[in-house]
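The values are calculated or read from the model by the stated rules, or taken from the named source; none is laboratory data. Just so we're clear, the structure is a prediction, and the values are computed from it rather than from any experiment. Positions of Cβ are backbone-derived with ideal geometry, glycine not excepted, and every protein chain shown enters the neighbour counts. Note: accessible area is taken over every heavy atom of the protein model, side chains too, but ligands, DNA and RNA are not part of it. Shrake-Rupley method; radii C 1.70, N 1.55, O 1.52, S 1.80 Å.
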Amino acid sequence: MAWKHLCAASKLSDGEPLGFKVGDERVALYKVDDAIYATDDVCSHAFALLSTGFLEGHVVECPLHGAMFDVRDGRCRSGAYKDIRSFKVEIRDGEVYVDLEEGAANEGAPDRALDAEA
């Protein structure tokens, strides 16, 4: 596993995606109903940062292409775009960690997020 620290959980706000660059990876975090999710930050269609997109419920919309992805599992919910990867999230002592090696679209969506209060 390749757990990477991204930020304090308190830095995240409901409905406001936040993007990070970790080495060569770009990761977006989303807080929805006190749960934190992580996906690729780049749209699968062309280079656009999903962290600058629009989050409504569990769906983030690409700001350039209108593609919509479920932040729980990375599945594309509109158009003929490829799914994006989703990542496991852990909260340790109030800090957000993401497992970048385990990232794979559509695997185990319900347990991808952890309660931000944990």
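Okay, here's what the table says:
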item	result
Flag if ARG77 is under 9 Å from the mean Cα position of the chain (by Cα) and touching a residue at least 12 places away in the same chain (Cβ under 8 Å)	no
All positions within the stretch 58-73 that are of a type in the set (A, V, I, L, M), open to solvent by 20 Å² or more (accessible area, probe 1.4 Å) and either in a loop (DSSP other than H, G, I, E, B) or under 9 Å from ILE84 (Cβ atoms) (or both)	LEU64
Within the stretch 10-48, considering residues that are within 16 Å of GLU95 (Cα to Cα) and crowded, with 22+ Cβ neighbours inside 10 Å, the one nearest to the chain's Cα centre (by Cα)	ALA38
Flag for SER51 being outside any loop (DSSP other than H, G, I, E, B) and surrounded by fewer than 16 Cβ atoms within 10 Å (Cβ to Cβ)	no
